[in-house]
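Structure first, then comments.
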């Protein structure tokens, strides 16, 4: 019986080895760099264009943010953002576009369950922890900064 058990373990190990995707770290980093770079260049292009139209720097930045969020939500709705994120990995999760996707994706997915129990309950499923821990971390760092300033450091 132990012979069969050893053979099953070996077969299972071979199956796992075949099924496990092989990733090239260099290729993943290049894809992430390209994807994030394209998103950031698009944002810089929006900023430059808005400033050429005569908008002040703050207003141009606001329009850039709004347009990047809009693009992310539209791409999520068209089921394209997921494909971009699968190819570009972390590069697609440039903070503003990734956050917009993390809010829009659950809203789209759970809309069939209704406004309250679908969208209302599930919209921050992914983004909620980011908001929570970001708020807690900024509060904690602010407290540390205040204490250090109070004691003169």
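For this structure, a couple of remarks:
- If you go through segment 76-103 and keep only what is touching a residue at least 12 places away in the same chain (Cβ under 8 Å) and over 12 Å from the mean Cα position of the chain (by Cα), you end up with 77, 87.
- Answer residue from segment 106-119, given it is over 23 Å from residue 95 (Cα atoms) and out of contact with any helix residue (DSSP H, G or I) (no Cβ under 7 Å at 6 or more places or on another chain) and is surrounded by the most Cβ atoms within 10 Å (Cβ to Cβ) among those: 113
- Residue count for segment 51-75, restricted to those that are touching a residue at least 12 places away in the same chain (Cβ under 8 Å) and not in a helix (DSSP H, G or I): 0
- Among the candidates 85, 105, 71, 127, residue that is modelled with pLDDT under 90 and closer than 30 Å to residue 24 by Cβ: 105
The values are calculated or read from the model by the stated rules, or taken from the named source; none is laboratory data. Nothing here was measured: the structure is a model prediction, and the numbers come from that model. Note that each Cβ is placed from the backbone with ideal geometry, even for glycine, and that neighbours are counted across all protein chains shown.
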